[in-house]
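Colleague: Below is the structure I would like to discuss, written out as structure tokens.
The values are calculated or read from the model by the stated rules, or taken from the named source; none is laboratory data. Given the structure is predicted, the values throughout are model-derived calculations rather than measurements. For neighbour counting, all protein chains shown are included, and Cβ atoms are generated from backbone atoms with ideal geometry for every residue, glycine included. Quick note on the areas: whole protein, heavy atoms, side chains included, nothing else; ligands and nucleic acids left out. Shrake-Rupley method; radii C 1.70, N 1.55, O 1.52, S 1.80 Å.
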Amino acid sequence: MPRKRSSEFVPSVSSWPEVSAQKPTLLGFIGYKAGMTHAFIVDNRQGSPTFGKEVFRPITVLEAPPIFVLAVRGYGYDENRGLYTVGEAWARPPLDLELERRISAIGAFDTQSMLKRLEASLSDIKEVRVLVATQPKLTGGLSKKSPDLLEVKVASPGSDVKAAFDYATSILGKTLSVGEVFQPGLMVDVIAVTKGKGFQGDVKRFGVKVLPRWHKHRKKARGIGARSHGKGTWWEIPNPGQLGFHRRTEYNKRILDITDDWAAYTPAGGFLHYGIPRSTLVVLEGTIPGAVKRPIVMRYPVRPPRWYLKLGVVKPTITFVSLQSKQGV
């Protein structure tokens, strides 16, 4: 739930985890789904039946070009209204970032004066976030130029607001690569908008049983027997409606590799409906929601599994990657 169409392609992050970081870092990054293939990796999970053996794993490849840090925002907290904006400071983006049409008053921003006002209110700030913009023109499979915007929380050792603020201001107006945020072996949560399937019926949407088609079933077979108990329909009762294009979160997807060598994971002929990547690749274990070319938000895990907490961040050993063509020939 909810089973309704997402309001936007870039999903917003509803909550951020509490991370005991050794140094200030962003808690999320955004990339674009390129496609899938499969690989063999050495299972390094202690206690697993296949520990130390090669196992088959489907892998998903994301293309994540560097992001541009566009703004710094400080949030305060009030018991009655929750988080509220204390202030923000914007940087002037380069002309090739294609942001002029999205931010019309960008030339009126004075970065230094805005930073001074924000720093003067540092005592009221409980949380620091940055607004980042992607660079889709650096990818190999996207034809659009307009960047996607995302607000990302900044974590610091011991939740030190001053350290998080200093780090955010140091990267303001600069680009940041995915290797500076994540590392191979790290678990991430994936937030995306699923593939849309339009208006569907009860059977495909909920998997209800298809009724037998004999002469006493005069009404319908691909539907439920009764929609109401006489007092109105309950929301739990399966009904036809929208299927797909929902904002969804999938937890604990392990990063197998982060590399600039696109040839190491790109199948012959390129990924279907995407082509050949040209920027940094993030290889995730398993499948993720969303269609090809869709923006994917990666976030530090909010509930990592126990085996991961015991093992820590250890890069898996990849012994084989399938580069066979996906074109069906």
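Colleague: Under a point spin-label approximation (7 Å from Cα along Cα-to-Cβ), what is the residue 18-residue 38 distance to one decimal in nm?
Modeller: Here the answer is 4.2 nm between the modelled labels.
Colleague: A further question on this structure: Estimate the FRET efficiency between residue 219 and residue 1 by the formula 1/(1 + (r/R0)^6), using the beta-carbon distance for r and 25 Å for R0, to the nearest 0.05. Walk me through the numbers before you get to the answer.
Modeller: Values: r = 28 Å, r/R0 = 1.12.
So, using R0 = 25 Å, E works out to roughly 0.35.
Colleague: Applying the Karplus parametrisation 6.51 cos²θ - 1.76 cosθ + 1.60 with θ = phi - 60° to the phi angles of segment 73-86, what ³J(HN,Hα) value in whole Hz is obtained for each residue in order, glycine and proline being reported as x?
Modeller: For segment 73-86, the Karplus-derived couplings read 10, x, 10, x, 10, 10, 5, 8, 10, x, 6, 9, 7, 7 Hz, x marking Gly and Pro.
Colleague: Something else: So what is the accessible area of the chain per residue, in Å², with the probe set to 1.4 Å?
Modeller: 53
Colleague: Under a plain spin-label model, where a point goes 7 Å from the Cα along Cα-to-Cβ, how far apart in nm are residue 145 and residue 199?
Modeller: Reported label-point gap for residue 145 and residue 199 is 3.8 nm.
Colleague: When only alpha-carbon atoms are used, what values of Rg and Dmax, in angstrom, describe the chain?
Modeller: 23.2, 79
Colleague: So what's the gap between the Cα centers of segment 1-48 and segment 220-271, to the nearest angstrom?
Modeller: 16
Colleague: Could you identify which residue out of 242, 135, 183 has the top mean-square fluctuation in a GNM of the chain using Cα springs shorter than 10 Å?
Modeller: The residue with the greatest mean-square fluctuation here is 242.
Colleague: Between 49, 301, 267, where does the largest GNM mean-square fluctuation fall for the chain, given springs only between Cα atoms within less than 10 Å?
Modeller: Its mean-square fluctuation being the largest, the pick is 49.
Colleague: Is any residue of segment 146-189 close enough, with backbone N under 20 Å, to a label point placed 7 angstrom from the Cα of residue 95 along the Cα-Cβ axis, and if so, which?
Modeller: It comes to 146-147, 173-175, nothing else.
Colleague: In whole percent, and with a 1.4 Å probe on the protein chains, what portion of the accessible area of the chain is carbon and sulfur? Show your work: numbers first, answer last.
Modeller: Numbers: 8870 of 17330 Å².
Answer for the chain is 51 percent, counting heavy atoms of protein chains only.
Colleague: Does anything in segment 199-229 have its amide N under 13 Å from the 7 Å Cα→Cβ label point of residue 237, and if so which residues?
Modeller: Counting backbone N atoms under 13 Å from the label point, the list is 224-229.
Colleague: Past 26 Å, Cα to Cα: identify those pairs from 174/195; 53/293; 174/315; 23/126, in the order given.
Modeller: Violating the 26 Å Cα-Cα cut-off are 174/195; 53/293; 174/315.
Colleague: Which of these, 238, 184, 24, has the largest mean-square fluctuation under a Gaussian network model of the chain (Cα springs below 10 Å)?
Modeller: 238
Colleague: Straight-line reach from residue 219: which lysines have Cα under 23 Å away, leaving out those fewer than 8 places along the same chain?
Modeller: Cα-Cα hits under 23 Å: 204, 209, 231.
Colleague: Further question on the same structure: Please tell me the relative contact order of segment 128-189 in percent, rounded to the nearest whole number, where contacts are Cα pairs under 8 Å and at least six residues apart. Each step should come with its number before you reach the end.
Modeller: On the way: 50 pairs, mean separation 17.7, N = 62.
Relative contact order, segment 128-189: 29 percent.
Colleague: If you stretched the chain out fully between residue 159 and residue 317, how much longer would it get, using 0.36 nm times the residue separation minus the C-alpha to C-alpha distance?
Modeller: Numbers: separation 158, 0.36 × 158 = 56.88 nm, distance 3.33 nm.
Residue separation times 0.36 nm, minus the Cα-Cα distance, leaves 53.5 nm.
Colleague: Just tell me which aspartates and glutamates come within less than 12 Å, Cα to Cα, of residue 220; anything on the same chain fewer than 8 places away is out.
Modeller: Partners within reach: 202.
Colleague: Taking 8 Å as the Cα distance limit and 6 or more residues as the minimum spacing, I'd like the relative contact order of the chain as a percentage. Before the final figure, lay out the partial values.
Modeller: Working: 735 pairs, mean separation 96.7, N = 329.
Across the chain, relative contact order equals 29 percent.
Colleague: Here's a follow-up. In deg cm²/dmol and to the nearest 500, what is the mean residue ellipticity at 222 nm of the chain if only DSSP H runs of at least 4 residues count, each as -39500 (n - 2.57), divided by the residue total? Walk me through the numbers on the way to the answer.
Modeller: Details: 4 runs with 31 residues, N = 329.
Value at 222 nm, helices only: -2500 deg cm²/dmol.
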